[in-house]
Amino acid sequence: MFFMKNIGILFFSFLCVLCGCGVYNDNNPIIYVNPSIIYIGTALPVRTIGEEYTTNIATATVIGVDDIDITDIRYTLKDRDSLPEVLNLTTSGRITVMSDVPIYGNTFTVIASATGFKSVEAVWTIIINDPDDLPLTYNALILADGVAGKEYSGSVATAVDAVYALKFGSTLPEGLTLTTAGAITGTPVEDVFNYRFTVIASAEGYQSAEADWTITIVED
């Protein structure tokens, strides 16, 4: 009986490793099913030309495990992607920014990876304003309500010829994402009422502008 039980555990472990659905912890031999890294990009803090600053994009989190040390998450630029020359990214997720020219919503993709986990990507946006540019007009409208568990489609694209990104530190309800074109898509996970988030719009020749939006997700 003991032999058969252990054979079963070994077989289950083999299947999990084979299909990539689990992580094995040598210190505590438990198979974790479907652990994953969650990593979401936003706009970097908006700055003005000539202003140097450092910020942290090491914002990845892990779901599905409680006792695995994930402090070794590494942050690297996606292959064939490039950073503006004014940026420097370390593997610990620190970015240093310094530019003498405006940057109007350039995007770059960062990969978060850790041993035993599937790597994930996040798109980040950099905006460097020129104080001599005209201010961009950007106003929030009313978003349609969504339904938990059902596909949602909305838009925050109310500025002209702009690139859109969530403000640094702002989030959307779980299951929804924002594209650089201003589209909100995805399947919301749970109901929320008047969920507030901030979007930054950037367009060439203009100073960036931000708008506070709200969205409500109702139960099915």
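The values are calculated or read from the model by the stated rules, or taken from the named source; none is laboratory data. Since the model is a prediction, treat every value here as computed from it, not as a measurement. With ideal geometry, Cβ positions are generated from the backbone for all residues, glycine too; neighbour counts draw on all protein chains shown.
Scanning region 8-64 for residues that are at pLDDT 50 or above and hydrophobic (A, V, I, L, M, F, W, C) gives I37, I38, I40, A43, L44, V46, I49, I57, A58, A60, V62, I63. Within region 82-101, the set of residues being within 19 Å of E51 (Cα to Cα) and in contact with a Ser or Thr (Cβ under 9 Å, 6 or more places away or on another chain) comprises P84, E85, V86, L87, N88, L89, R94, I95, T96, V97. When restricted to residues that are surrounded by 14 or more Cβ atoms within 10 Å (Cβ to Cβ) and in a loop (DSSP other than H, G, I, E, B), region 107-118 contains 3.
For first residues located in region 156-172 and at positive phi, partners that are in a loop (DSSP other than H, G, I, E, B) and of a type in the set (S, T, Y) and lie 6+ apart or on another chain with Cβ distances below 8 Å form the pairs G169/T42. The residues in region 196-210 that are surrounded by 18 or more Cβ atoms within 10 Å (Cβ to Cβ) and under 12 Å from L143 (Cβ atoms) can be counted, and the count is 2.
Based on this model, can you work out whether Y104 counts as closer than 30 Å to G50 by Cβ, out of contact with any Pro (no Cβ under 9 Å at 6 or more places or on another chain) and in a strand (DSSP E or B)? Judged against the criteria, Y104 is a match. Residues in region 138-194 that are touching a Phe, Trp or Tyr at 6+ places or on another chain (Cβ under 8 Å), surrounded by fewer than 19 Cβ atoms within 10 Å (Cβ to Cβ) and among the β-branched types (V, I, T): T158, T171, T179, T180, T185, T187.
Residue check: S119 meets all listed conditions (1) over 30 Å from D100 (Cα atoms); (2) outside the structural domain of I103 (by TED's automatic domain parsing); (3) not acidic (D, E) but one, namely (2). Only residues that are assigned to a loop (DSSP other than H, G, I, E, B) and more than 24 Å from V160 (Cβ to Cβ) were counted across region 183-207, and they come to 5.
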